[in-house]
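Written below as structure tokens is the structure these notes are about.
The values are calculated or read from the model by the stated rules, or taken from the named source; none is laboratory data. No experiment lies behind these values; they were computed from the predicted model shown. Cβ atoms come from the backbone with ideal geometry, glycine included; neighbour counts cover every protein chain shown.
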Amino acid sequence: MLTFGLIFGGIWPSHQLSHAQASSLAGKGLGTISTPTGTTIFVEIADSPDTRTQGLMFRSSMAPDRGMLFLFPEPGDHAFWMKNTLISLDMLWLDESGTILHLEANVPVCTRKDDGCPRYQAPHKSLQILELNAGMAKKLGLVVGNRLKIDLPPMSFPY
């Protein structure tokens, strides 16, 4: 199974975390993303159908250094919406190497109670989607073409 994770999406950690980092993150299921300027973002991993469906719904806030990384078992046309999401977000679609393919900035909350909320989708197939607080992509200088360094906690890979 480990070989599958390493070969199949190319998103397995590119280096080992220190023992202290691994210990502090292991119990929380957090991964880290390093931006090209060296900023670290701590991300929750949504790598199952249930966690991807739940996402950040019903949360009233998220710390500025946090985000959620959605992992999919294969590249696809992954669409997202803001139904039941209470905080505005930046959404970044990534390929298997962590390169930003598409960015939707400052996506507003949707207060509709039906299923009519707008859907957001990249024009290219993606394997991962990163959600950050609205405005963070700009604050961090993230643009299409940037490559993010993704380090996942043990046992976090698409299945």
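Observations
- Residues in the stretch 102-140 that are within 20 Å of P75 (Cβ to Cβ) and part of a strand (DSSP E or B): H102, L103, E104, R119, Y120, S126, L127, Q128, I129, L130, E131.
- Verdict on M91 being surrounded by 19 or more Cβ atoms within 10 Å (Cβ to Cβ), aliphatic (A, V, I, L, M), in contact (Cβ under 8 Å) with a residue 24 or more places away in the chain and more than 23 Å from S48 (Cα to Cα): no
- Some residue of the stretch 141-151 being farther than 23 Å from P64 by Cβ and either in a strand (DSSP E or B) or at pLDDT 95 or above (or both): yes
- Candidates K83, K113, filtered to the one that is at pLDDT below 95 and surrounded by 14 or more Cβ atoms within 10 Å (Cβ to Cβ): K83
- Selection within the stretch 25-47 - in a loop (DSSP other than H, G, I, E, B), surrounded by 13 or more Cβ atoms within 10 Å (Cβ to Cβ) and either without any contact (Cβ under 8 Å) to a residue 60 or more places away in the chain or among the polar types (S, T, N, Q) (or both): T35, T39
- Residue check for T51: free of Cβ contacts under 8 Å to residues at least 40 places away in the same chain, among the polar types (S, T, N, Q) and buried (at least 18 other Cβ atoms within 10 Å of the Cβ): no
- Among the residues making up the stretch 101-140, those that are over 19 Å from G67 (Cα atoms) and among the charged types (D, E, K, R) are R112, K113, D114, D115, R119, K125.
- Boolean, G67 is at positive phi and either surrounded by 15 or more Cβ atoms within 10 Å (Cβ to Cβ) or part of a loop (DSSP other than H, G, I, E, B) (or both): no
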